[in-house]
Protein chains: 2
Amino acid sequence: MQTPEPTLADVAARAGVSVATASRALTGARPVSDTLHRKVRDASRELGYRRNAVASALRLQRTETVGLVLPRYTTGFLSALIESVSDGLERNDLSLVLRYSEPDALHDVGNVESLMARRVDGIIICPSSLEASQESIEAAGPVPIVQVGRFVITDRSDSVGLDEDRATAMLIAHLVEREARRLLVVGLDPDAPADARRIRALRGAAEGAAAVDVAPFTPAVLDGGIRAAERLVAAGPGALPDAIICANDDVAAGVLAVLRMRGITVPGRVQVVSLLDLAPGREDLTVTTLRHPWPEMGREAVRLLLDAQQRRREPVGERIARRVSLAPQLVPGHSTREHPGPAPAPAAAAAAPAVIPDPKETP
Amino acid sequence: MQTPEPTLADVAARAGVSVATASRALTGARPVSDTLHRKVRDASRELGYRRNAVASALRLQRTETVGLVLPRYTTGFLSALIESVSDGLERNDLSLVLRYSEPDALHDVGNVESLMARRVDGIIICPSSLEASQESIEAAGPVPIVQVGRFVITDRSDSVGLDEDRATAMLIAHLVEREARRLLVVGLDPDAPADARRIRALRGAAEGAAAVDVAPFTPAVLDGGIRAAERLVAAGPGALPDAIICANDDVAAGVLAVLRMRGITVPGRVQVVSLLDLAPGREDLTVTTLRHPWPEMGREAVRLLLDAQQRRREPVGERIARRVSLAPQLVPGHSTREHPGPAPAPAAAAAAPAVIPDPKETP
DNA sequence: CAAATTCTGGCAAACGATTACAGCACCTTG
DNA sequence: CAAGGTGCTGTAATCGTTTGCCAGAATTTG
């Protein structure tokens, strides 16, 4: 059955009409008499005709396709974003073409260029870095592009990002409610602008209620967490903070493993939290973490993109970039105390009481 | 700068040649004199010309595009597959268009149909179910399609899957080496064919060395693990097995949470393993798990697909479906004992000895 | 009944790149 | 110098759809 794919001309011939009529009958671009309409539909079905999206795109100058560019090094925590973007696009009969960038600004630009060559109708990009952001947006030229994620510049294109202030505030509140006064940050690099900003935000949120120290920088991976924790433990019991704030779940896992090995109880002696949930889909309750609202971010990105396409006809000059900030969700795990208030007696820690103490209001 | 995208005709005009020559100079389809070659390249650069992939695809009857169809309900553990497929395709200058299927056979077929309308050059599909598998392969007609994942039928198309026998054997060996004799399976449904097969495989691997019981079925999610574990604990200490085999990491997380709450030590009293790693990228060392080789599976899928494209010219009749089976990797976590052999004295469990006992050879 | 209007369907020209074919210039060789 | 190559370049057809324009039919209106 190596039959060549049937074309509109075949359908028209079978229905005894011209290709023009066949096209109009199938697309409904113009009213067609009822009998012909039926004849064409039947012929189309009988031949198993599928409209050639390529030819259509060429003629219409519209591919019904949106490009999504993501940084590759992410260990999969962006898949929720992919799914929600894909979902939003599908609802609007748009296809998704996906591209990963190596962590390197040029590659980001190259991906945008290549999508442009495919004549996508729009682009959603999670830039690998700030420089990448700038250049890739320019590469998109006239087609709408929206940025989503961490490195976004707000004056060139619409963007969706995290509400970092709310994020840090939530985390600090959670810890302060649980009597943590000495906090230690692990896995953030004070010399990196984005990390520095986050550290400032943490200090700001802790103002007066807790002290925020920063551990000597170790990379934000499992092993970095292990190294930082071992250095900490080696410094003696006095050096232990009340809580450790880790850059992400991997770092937290490393820290937890070391503490466990050294017999330091969590969350009894030290509490541990993570700033970034690496595997949003997974519910393992291990570490208290900030879950980024990836599904919502994807939805918003698609919404902004479609909206931007709507207004392409409008006067160009007055277009103003829109920025959407979303708050993360704090997912409590076993690495912070179950209820606000002072630490329960060590023995009772395993089987926590069912009585819930009044939470301290600390806005 | 709302300039319309330059076309090949513009480039030709600027270089003072015909479009034919311009095309040949840029694609290198046929030799072009050196001076013209340079002139065309320069003109192309000056105008910022980007070849229109749509027009090219129409003419060449080849879109340089591959479709990837995935089941949506997966909580992100397929992202490693996406990345490796994307990587493999990029090396061959192919684009990836991604589609998610709702867990519903028709949707799978619809996605393949829609990819066909886009005239993709090939399809990689992770079918949602066995029925989906059958129909969607037929929908692909003459374009090469390869299946990857769990539900594959082997006689219609090339496929990449897990080596289930090796998988279960590795897991059982790991447990038996660690003195587990009474094993309990949680989260598998004996009435579902695929699960039943897996249970049989476990029993077969345990033959003589351990007994495999199956807990009353609870869904393979966090809450299912919690419910199963509570029922187990309620049955009294005598009912506890030596090891619990969970359907996936979420189930294991639920089981661990309950055991921890009830003061049952892991891995001291009970060991816990998972059959399916839900978040391959993440390294949290919590539960001993089988990690599916998603990156390798993606690579293999791409390889099979490209290879199938190569041989499309060959006689059709003799094409024979190929099946690639890959073994998973056993990732040890804190939920099974660190070293093979009998359980260490409870006090020594925290700081395990650096001496490694001879592993028991149990092939 | 004629004229004006509406409706339907077909012809043919796009969309932008590739390529079979033909043509022209130049070089080699008898 | 002529015949036959060889090597570039240009003309035009082609891929499959959509759609502006036109012609004829059908319907309404004066």
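The values are calculated or read from the model by the stated rules, or taken from the named source; none is laboratory data. As the structure is a prediction and not an experimental result, all values here were calculated from the model. For neighbour counting, all protein chains shown are included, and Cβ atoms are generated from backbone atoms with ideal geometry for every residue, glycine included. Surface areas here come from the heavy atoms of the whole protein model, side chains and all, with no ligands, DNA or RNA. Shrake-Rupley method; radii C 1.70, N 1.55, O 1.52, S 1.80 Å.
Structure notes:
- Carbon plus sulfur fraction of accessible area for the protein assembly as shown, probe 1.4 Å, in percent: 54
- Shortest-first distances to equivalent copies, position A:Arg181, nm, label 7 Å out along Cβ: 5.4
- Relative to the dominant Cα principal axis of chain A, helix A:130-139 is inclined by about 10°.
- Segment B:161-202 and segment B:258-281: distance between their alpha carbon centers, rounded to Å: 16
- Distance (nanometres) between label positions extended 7 Å along Cα→Cβ at B:Arg166 and A:Arg200: 5.3
- Taken over the alpha carbons of the protein assembly as shown as equal point scatterers, the Debye sum produces base-10 log I(q)/I(0) values at 0.07 Å⁻¹ of -0.59.
- Modelled spin labels at B:Ala9 and B:Asp155, positioned 7 Å past Cα toward Cβ, are 5.5 nm from each other.
- Loop sites in segment B:3-94: chymotrypsin sites (Phe, Trp or Tyr not before Pro), DSSP, at most 13 other Cβ within 10 Å: B:Tyr73
- Chain B: angle of helix B:34-47 to the longest principal axis, Cα-based, in degrees nearest 10: 70
- Segment A:86-112 and segment B:24-71: distance between their alpha carbon centers, rounded to Å: 21
- Spacing of the two label points (7 Å from each Cα toward its C-beta) at B:Leu130 and B:Met261, in nm: 3.7
- Residues along segment B:238-252 losing 40 Å² or more of accessible surface when the other protein chains are present rather than the chain by itself (probe 1.4 Å): B:Asp250
- A label point on B:Pro103, set 7 Å along the Cα-to-Cβ line, lies at 3.5 nm from each of its counterparts in the other copies, closest listed first.
- Relative contact order for chain B, counting Cα pairs under 8 Å that sit 6 or more residues apart, in percent: 16
- Binned Cα-Cα distance frequencies in segment A:8-51 - 5 Å width, integer %: 5, 30, 41, 20, 4
- Value of Rg to Rh for segment A:80-231 (Rh from inverse mean 1/r over Cα pairs, i.e. Kirkwood): 1.07
- Between A:Val331 and B:Asp223, the FRET efficiency from the beta-carbon distance, with R0 = 22 Å, is close to 0.90.
- Exposure check, 1.4 Å probe, all protein chains in place: A:Met116 carries approximately 10 Å² of accessible surface.
- By a 1.4 Å probe calculation restricted to protein chains, B:Asp10 has an accessible surface near 70 Å², given to the nearest 10.
- Per-residue average of Cβ from other chains inside 10 Å of A:79-85: 5
- Label spacing, shortest first and in nm, from A:Pro216 to its equivalents in the remaining copies (7 angstrom along Cα→Cβ): 5.7
- Near A:Ser95, the amide H atoms lying under 5 Å from its own belong to A:Thr65, A:Val66; only residues 5 or more places off or on other chains count, and H is placed 1.01 Å from N.
- Alpha carbon Rg of chain A, scaled by the compact-globule rule 2.2 N^0.38 Å: 1.32
- Between B and A, buried accessible area from a 1.4 angstrom probe totals roughly 5500 Å², ignoring ligands, DNA and RNA.
- With Cα atoms, 0 to 90° folded angle of helix B:294-310 axis to chain B main axis: 40
- Accessible-area value, B:Leu36, 1.4 Å probe, nucleic acids and ligands omitted, Å²: 50
- For B:Ser159, residues with placed amide H under 5 Å, excluding near neighbours: B:Gln147, B:Arg322, B:Arg323, B:Val324
- Rolling a 1.4 Å probe over the heavy atoms of the protein chains gives chain B an accessible area of 47 Å² per residue.
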